[in-house]
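What follows is calculated from the coordinates using simple rules that are stated; it is not laboratory data. Quick caveat, the model's predicted, so the values are computed rather than measured. Heads up, the Cβs are rebuilt from the backbone with ideal geometry, glycines too, and the neighbour counts pull from every protein chain shown.
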Amino acid sequence: MNSFLVDTHAHLDSGQFRDDVEAVVARALDAGVGTILTVGCDLPSSHASIGLATRFDNVWASVGIHPHDAATVDDRVLAELKELAGHPRVVAIGEVGLDFYRDRSPREAQCQAFRTQIRLARELDKPLIVHDRDAHAEVLAILRDEGASEVGGVMHCFSGDLELAKACIAMGFFISFAGPLTYPANEALRAVAAGLPIDVMLVETDCPYLSPQPWRGRRCEPAYVRTTAEALAAVKGLTLDDVARVTSLNALRLFGIGAVDQATRIAYVIRNSLYLNITNRCTNHCTFCAKFRDFTVKGHQLCLEREPTAQEVIAAIGDPGRYEEVVFCGYGEPLLRFELVREVAAWLKERGMTVRINTDGQANLVHGRNILPELQGLVDTISVSLNAPDAATYQRICQSACGEAGYAAILEFLREAPRHIPTVVATAVTIPGIDIAACRKLAAELGVEFRERIFNEVG
C-alpha cells in the first residue's frame, strides 16, 4: 500500500491502552496507519488526548463533551473547553452530539450541550465530530438550527440511512465508517457506503471499541482501521490504496492532519488501471464537471502546472506492465493533444498494453480532419461522452465551444469510430434532465455500445 491511512476517531486515553500505548501507535504505523486522531469525551479525556498528541508526532487531538456527560456542561466547563481547543494539537470539537440509546444524561441536557458546543466550534472555526445514536432526526435538526454547516465535520461511526447521510453531506459533513462495516449482518450499512461517493468518506476505529470482524469481542486498536478500509474498498470496487489515498485526503481537508502525496498529476492509478492526465484544457464546459469545484479525482490532484511532453508522460508511466489498461483520461480533453496521444499510445502498444481513450468526441471538428484512421492499431477502446439524445440538450449541459455543431460532430465520430477502433462505447451521465433510455437507443442506432455513468449529486 503506497498511501497511509488515517484513523480519524480513536480513544487512546482509554485505560485499556495504559500499559502499551507506545506499542499500539507503533503497530498502527506498521499497518500503514500514518495518522491517528484521539478524541476527547469529557474534560479529563480532552486533557489526556492533548497529552498524547504532544507525545506522539503522528497523533492529533480533539476536545469535547460526549452526550453521556452532557449534564456536566456549564459555563465553567465551556470556558475550560475553549481554552483546551486553543492548543495547537487540537483540530476539532468533539465528540459531541446525542445518544438516545443509553440516555445517560437527560435528553434536554444533551440537546443543550450539543447546541453550545456547535456554537463553540463556530466561534473557533473548528470542525465537529458528531456522535449520533438513535437520535437521527434530532441531531440533524440541531445541526441545521445552529448553523453547523459553517464549520462542517464528520458523522462519527455512521449508523443512519442513505437519506440521512446525504442530508449531512449537504451541510458539509463527511461520513465515517468503523468496524461495523465489516460485520456480516450489516448489509444495510454497506448499502449506505455503496450509495455514497468515496470523496465524502472517512475511516475510523473508535478504539478500544467496535473491533472489525476478525477481532470482534476483543480490544480494538488503530491498526485495525486497515480492515475497515479493505471492507470499504470491496464495497466501492476500489483498491485499498485507492481508499487510503482518498480518505487521507479527506482527513487532510477536514482536520488539516496527515499528508497526501499529490505528485502523481500526470499518471495516476485507480483500481488496476493507469490514467493519463495530459491536459486540463477542454472543448466543453460541462455543468456537472467536478473540476469546477475541485481538481481531485479519487484523491489524486490533477491540476497541471503545465502540459507535459510525451517524454514526461512516458517517464511518469514507468513500467506499464503493472496495469490492466492505460487510459487517456484526466481533467481535460485528451485528443486536443492528438500528436502526444498517438506517440504515447504507440509506445504503449509496443509493450503489449491495452489502451483506452475517454473523449468528448469532437476531435475531428477541432482538428479539421478525420483523426480516427491515425489511431487504428494504437487504441483498443474509445469511450465517447454522448450525454444527450439531441443537440439542444447537449449544448445546455455540456456547453461546447463549437456550439450545436459539436453535437453533430460527436454523432459522426461515433458512426466512424467502429471502422478503426475495436470497441466503441457511447456514455451518458445520469444527471437530472437526461433521458438515459433515449441515449441508449441512439447509441444502438449508431452501432456502438452504451454505458451509463452514475452521477452522484452529493459527490
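For this structure, a couple of remarks:
- Centre-to-centre, using Cα atoms only, the stretch 410-444 and the stretch 277-292 are separated by 19 Å.
- With contacts taken as Cα pairs under 8 Å at a separation of at least 6 residues, the chain carries a relative contact order of 11 percent.
- Overall form of the stretch 5-255 per C-alpha gyration tensor (a/c, 1.5; a/b vs b/c): oblate
- Computed [θ] at 222 nm, helices only, for the chain once each DSSP H run of length n ≥ 4 contributes -39500 (n - 2.57): -11000 deg cm²/dmol
- Residue-span extension gain [Gln399 to His68] - 0.36 nm each, minus C-alpha spacing: 113.8 nm
- The trypsin sites (Lys or Arg not before Pro) of the stretch 1-58 that DSSP puts in a loop, and whose beta carbon has at most 12 other beta carbons within 10 Å, are Arg18.
- Contour excess over end-to-end distance, with Cα ends at Ala438 and Glu374 and 0.36 nm allotted per residue: 19.9 nm
- With both labels modelled 7 Å from their Cα along Cα-to-Cβ, the Ala234 to Asp20 distance reads 2.6 nm.
- GluC sites (Glu not before Pro) restricted to DSSP loop in the stretch 317-389 with at most 16 other C-beta within 10 Å: Glu324
- Computed from label points 7 Å out along Cα-Cβ, the spacing between Ala188 and Glu449 is 3.8 nm.
- For the stretch 267-453, averaging the sequence separation of C-alpha pairs within contact (under 8 Å, six or more residues apart) and dividing by the residue count gives a relative contact order of 20 percent.
- Per-residue extension of 0.36 nm, minus the Cα-Cα distance of Arg107 and Lys291, leaves a gain of 61.9 nm for this segment.
- Note on Asp145/Gln213: beta-carbon distance plugged into 1/(1 + (r/R0)^6) with R0 of 41 Å gives a FRET efficiency of 0.60.
- Close amide H pairs (under 5 Å, H built 1.01 Å from N) link Arg453 with Ala428, Val429, Thr430, residues at least 5 positions away or on another chain.
- Sites listed here are trypsin sites (Lys or Arg not before Pro) in the stretch 325-376 whose DSSP assignment is loop and whose Cβ has at most 14 other Cβ atoms within 10 Å: Arg351, Arg369.
- Helix 21-30 and the long axis of the chain differ in direction by around 10°, with both axes built from C-alpha atoms.
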